[in-house]
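A short reminder: the numbers here are calculations on the coordinates, not readings from a lab. Since we're looking at a predicted model, the values are computed, not measured. Cβ atoms come from the backbone with ideal geometry, glycine included; neighbour counts cover every protein chain shown.
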Amino acid sequence: MPKPNKPRKTSPKKPLTNPNKAHQKGKVNYFAKLMETEEGRALRRQWSTKPRKNAGRPKGTPDGYSLEAITPIREQAKKDAERIVAIMTKDTPIDDEYAVEALKTAVEIMREPCSNRDRLSAAKLVLDFTKTKPAAKSEVTIGKAEAFLESLLVSDDEEEQDGSET
């Protein structure tokens, strides 16, 4: 049986402005009284099924963060990305302005809290852009394997000339 998924992160609860308003003595909740009549239930059903504007957290905001909490983190990541890319372009100048912008965006994504998949793909993009890939080792191993097989053939030919069998 597979392991259950981790629960989603949630942002901390905001303090209520009037925490005891509905629970004051002698007061009846408006919605509880509304549900006592058929007209009230119909009105409540209409309110409940109406589509909501701006429901939930905004798009692009990761789990566990509200828009107010993630905005300063994103600003700091943007500043860090600009500084890092400036240092990178000192060593290897980049002529294309779009390439510089793409590199800034990838570094910015790496510095922000988001899913590991996004951060890893941004890190791969930065490494592909800045570092050369190492030489392929398969050519070396193929060459060694061919040399090994060739040495076997040579030793086999020598044994056949000697007349000895293995």
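Report the net charge of residues surrounding A69, where surrounding means a beta-carbon distance below 15 angstrom and charges are Lys +1, Arg +1, Asp -1, Glu -1. Charge balance in the 15 Å sphere: +1.
Note on E97 and K3: the extension gain reaches 29.2 nm, defined as 0.36 nm multiplied by sequence separation minus the Cα-Cα distance.
Neighbour counting of Cβ atoms within 10 Å sorts the residues E112, E75, E82, fewest neighbours leading, into E75, E82, E112. Estimated translational diffusion coefficient (Stokes-Einstein, Kirkwood radius over Cα pairs, 4 °C, 1.567 mPa s) of the chain: 54 µm² per second. Pop the C-beta distance of R52 and I87 into the FRET formula with R0 = 35 Å and round what comes out to the nearest 0.05. It comes out at approximately 0.15.
Cβ-to-Cβ counts within 10 Å put F31, F129 in ascending order as F31, F129, the fewest first. Computed from the Cβ-Cβ distance with R0 of 25 Å, the FRET efficiency linking F129 to D63 stands at 0.30.
Over the chain, Cα pairs under 8 Å with separation of 6+ residues give a relative contact order of 16 percent. Within the listed set I73, I109, I94, the residue fluctuating most in the Gaussian network model of the chain (springs between alpha-carbon atoms under 10 angstrom) is I94.
L34 versus L153, label points 7 Å from Cα toward the beta carbon: distance in nm? About 8.9 nm, to one decimal. Neighbour counting of Cβ atoms within 10 Å sorts the residues D91, D157, fewest neighbours leading, into D91, D157. Once the chain from K79 to S115 is taken as fully extended at 0.36 nm per residue, the excess over their C-alpha distance is 10.9 nm.
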